[in-house]
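Report on the following structure.
The values are calculated or read from the model by the stated rules, or taken from the named source; none is laboratory data. Remember, predicted model here, so these are calculated numbers, not experimental data. Reconstructed Cβ throughout: ideal geometry from the backbone, glycine too, with neighbour counts over all protein chains shown. Note: areas computed on protein heavy atoms with side chains; ligands, DNA, RNA excluded. Shrake-Rupley method; radii C 1.70, N 1.55, O 1.52, S 1.80 Å.
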Amino acid sequence: GTRTVLRKFEHIEHCLKRNVEAHATNGFEDVHFVHMSLPEIDKDEIDLSVKFLGRKFDYPIMITGMTGGTRKGEVAWKINRTLAQAAEELNIPLGVGSQRAMIEKPETWESYYVRDVAPNVFLVGNLGAPQFGRNAKRKYGVKEVLYAIEKIDADAIAIHMNPLQESVQPEGDTTFSGVLEALAEITSSIDYPVIAKETGAGVSKEVAIKLESIGVSAIDISGVGGTSWSGVEYYRAKDELGKRLALRFWDWGIKTAISLAEVRFSTNLPIIASGGMRDGITMAKALAMGASLVGIALPVLKPAAKGDVEGVIKVIKGYVEEIKNAMFLVGARNVEELRKVPIVFTGFVREWLEQRIDLQEFVKKRG
Ligand code: FNR
């Protein structure tokens, strides 16, 4: 219990103070729009609203889960409240971080609870896949999932898949046998949407197809190019061997742009495209490739840790302006039209995708 909470603090500290991002790119440098000299629309009429899991949001951006697990008034509590106030004002979805701490130390539940400041926000709870493994030290099931959702009045639950992080940390939970079967039981037993979520190493088409077959409602692909959890663990590693292992796997995984194409082409699931989304042009590309939403975590951590609601809103409004501008320059009035504009793939991403999906077919039909 105490260890889980301590670990969370360390993660936030490293993410605030060090470079924890991938050295590799997210792949969107190989995805291109074709500029349109005659957009035949007015910039003012562009509508950024999107539908996702039965709800309508003003902007296609989600703040994905980061934290929780401290007492009221302390850092995680403050971060979640700050993000919640921003998300409420912008009408965008919000995730909280892993609620494992809350299951182990129920007195920390208020650090995840944001309904008092965000009565309408679409809120996503969060638990980790290894806790559902057959050999987990303390195995979670339907009971823990319902507790995590209902205690904070969430609208959905994200189950994070983080084998990379667990594999490079000394105390890591690498009990992944039987997770898919356990998740199948959950999706069939509860009425809330279950979102399968990576944490920075990307989801392949093979995994996505399995997740779709067991009834998950959406996938957050969280690919390579942004926060690297092997990177975070590098700073936490206590010895030479641990540091070496984490450094070796710093950029391990599937680039966000590639993961998005694989999952979009191979399933019908709504997709949250996250992992290194740092500007609105990149975000517009992800939406054009068929993502329902883009997700961000690290870019809003700093203002959130300061309790700066306006700071969080400013970061997101900046992206919104850039997305809108990109949409104007390709003549898309809304996200649906954006999915029909031409896109061109080059270089590494094209080479990869030509071996993994029917790229021509994907370019034609991404909706
Ligand atoms: C995360 N992330 C994360 N994901 C999750 O499912 N449960 C969690 O508890 C956490 N915790 C967490 C803490 C911090 C400080 C960061 C920065 C991130 C992962 C996050 O939701 C996201 O998938 C990745 O960080 C990729 O997005 P960015 O950071 O590149 O925008």
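So if I check each of ILE258, ILE254, ILE221, which one is within 14 Å of the ligand (Cβ to nearest atom), within 16 Å of GLY27 (Cα to Cα) and over 13 Å from the mean Cα position of the chain (by Cα)?
Just a single option satisfies the conditions, and that option is ILE254.
In the range 123-144, which residues are open to solvent by 10 Å² or more (accessible area, probe 1.4 Å) and under 16 Å from GLU185 (Cβ atoms)?
GLN131, ARG134, ALA136, LYS139, GLY141, VAL142, LYS143, GLU144
Which of the residues spanning the range 130-187 are of a type in the set (A, V, I, L, M, F, W, C) and either closer than 20 Å to TRP252 by Cα or not in a helix (DSSP H, G or I) (or both)?
Passing the criteria: ALA136, ILE152, ALA154, ALA156, ILE157, ALA158, ILE159, MET161, LEU164, VAL168, PHE176.
More than 24 Å from LEU359 (Cβ to Cβ) and in contact with a Cys (Cβ under 9 Å, 6 or more places away or on another chain) - does that describe any residue in the range 289-300?
Checked the range 289-300: at least one residue is more than 24 Å from LEU359 (Cβ to Cβ) and in contact with a Cys (Cβ under 9 Å, 6 or more places away or on another chain).
Step by step: first the residues of the range 287-301, then only those that are open to solvent by less than 10 Å² (accessible area, probe 1.4 Å) and part of a helix (DSSP H, G or I), then the one that is nearest to the ligand (Cβ to nearest atom). Which residue is that?
Residue satisfying both the conditions and the ranking: LEU301.
Would you mind finding the one in SER188, SER228, SER213 that is open to solvent by 40 Å² or more (accessible area, probe 1.4 Å) and touching a Gly at 6+ places or on another chain (Cβ under 7 Å)?
On the way: SER228 fails: open to solvent by 40 Å² or more (accessible area, probe 1.4 Å); SER213 fails: touching a Gly at 6+ places or on another chain (Cβ under 7 Å).
Exactly one residue qualifies, and that residue is SER188.
Per-residue answers, yes or no, for (1) within 16 Å of the ligand (Cβ to nearest atom); (2) open to solvent by less than 70 Å² (accessible area, probe 1.4 Å); (3) touching an Asp or Glu at 6+ places or on another chain (Cβ under 6 Å); (4) not in a loop (DSSP other than H, G, I, E, B):
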residue: HIS32; (1), (2), (3), (4): no, yes, no, yes
residue: LYS72; (1), (2), (3), (4): no, no, yes, no
residue: LEU83; (1), (2), (3), (4): yes, yes, no, yes
residue: SER98; (1), (2), (3), (4): yes, yes, no, no
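Among the residues of the range 100-122, count how many are open to solvent by 50 Å² or more (accessible area, probe 1.4 Å) and part of a loop (DSSP other than H, G, I, E, B).
Here the count works out to 5.
Which residues, counting only those in the range 277-286, are more than 13 Å from the ligand (Cβ to nearest atom) and either buried (at least 20 other Cβ atoms within 10 Å of the Cβ) or outside any helix (DSSP H, G or I) (or both)?
GLY280, ALA284, LYS285
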